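Colleague: Have a look at the structure that comes next, please.
The values are calculated or read from the model by the stated rules, or taken from the named source; none is laboratory data. Predicted model, so just to flag it, every value in this text is computed and none were measured. Cβ placement follows ideal geometry from the backbone for every residue including glycine, while neighbour counts extend to all protein chains displayed.
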Amino acid sequence: MTDAISRCGYVAIVGRPNVGKSTLLNHILGQKLAITSRKPQTTRHTLLGIKTEGEVQAIYVDTPGLHKENEKALNRFMNKSASQALRDVDVVLFVVDRLRWTDEDQMVLERVQYVSCPVLIVVNKLDRMEDKNELLPHLEWLTQQLPNAEVVPVSALQGRNIDRLESLIAERLPESEHFYPEDQLTDKSSRFLAAELVREKVMRQLGAEIPYQVTVEIEEFKQEGRVLHIHALILVERDGQKKIVIGDGGERLKKIGQEARLDMQKLFGSKIMLNLWVKVRRGWSDDERALGSLGYRFDD
């Protein structure tokens, strides 16, 4: 007999930057919602990803990676967002990267060990491990750090062991009516998701030249018949960064636009007319008022 009890709750996904938190969320949801790149600090906002399957609704809270650099207002905003996600959730997924353990992992551990809800330690990127025998001692060590947590090795990229992870989460969710309609995927607006897709393509295109002082503002988001018209402003802090984003003869900006448009068509199920501009707005990443106007909220 199946468990017909209705369950619903919040699941915080925490960890240091670049351990695969957003990739894990996208795989669980079965579609791309959170942006990903190989660069640390790709995720800047907490993002809800809602998965309803039968009687179980899990509301995943994807968070920015907790990190030590705390000088700029943007960094403080990201750390505060990640820490706040640990409040009032029903399950915590503490994501770590294979055998690697850094000062930032330790920083996350020190916050996670005081939460009152169940914790699952998700050991990610198993697909990149050559010698699986090295894993067992590390799993035992992790269990010692959080004795009440269950350790779950996974590959978010390949989807390995994700079913088991989801069943462990479901068991730990409280009995409750669902908070969201069963077809709702996120709490974020389509405008927000469009801006994030453009920012992802900027980060992926720029490689080692990446200016972290890049954000995206949507100036127009309008459906006309079968076409969704989106005008997006890519904001940087210096003239030199503007040249990097645009590229020789505008080639890089063109490629950013092409790749973002393809993802938007899949996400919104519509033909997309996307126009991109690059503008210098000096010091935005260290100005709380500017960050507030761009959607970064510092209030509790």
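Colleague: Looking only at the stretch 1-22, filter to residues that are of a type in the set (A, V, I, L, M) and at pLDDT 85 or above; which one of those is nearest to Glu166 (Cα to Cα)?
Modeller: Val11
Colleague: Restricted to the stretch 23-41, and to residues that are crowded, with 22+ Cβ neighbours inside 10 Å and modelled with pLDDT under 85, which residue is farthest from Lys188 (Cα to Cα)?
Modeller: Ile35
Colleague: What residue, among those in the stretch 108-133 that are acidic (Asp, Glu) and at pLDDT below 85, is surrounded by the most Cβ atoms within 10 Å (Cβ to Cβ)?
Modeller: The residue in question is Asp127.
Colleague: While we're here: Restricting attention to the stretch 155-175, which residues are hydroxyl-bearing (Ser, Thr, Tyr) and modelled with pLDDT of 95 or more?
Modeller: Within the stretch 155-175, Ser167 is the sole residue that qualifies.
Colleague: Is it fair to say Val152 is without any contact (Cβ under 8 Å) to a residue 40 or more places away in the chain, among the hydrophobic types (A, V, I, L, M, F, W, C) and either touching a strand residue (DSSP E or B) at 6+ places or on another chain (Cβ under 9 Å) or crowded, with 16+ Cβ neighbours inside 10 Å (or both)?
Modeller: yes
Colleague: Is it the case, given these coordinates, that Asp105 is at positive phi, in contact (Cβ under 8 Å) with a residue 60 or more places away in the chain and surrounded by fewer than 21 Cβ atoms within 10 Å (Cβ to Cβ)?
Modeller: Considered against the rule, which asks whether it is at positive phi, in contact (Cβ under 8 Å) with a residue 60 or more places away in the chain and surrounded by fewer than 21 Cβ atoms within 10 Å (Cβ to Cβ), Asp105 comes out as no.
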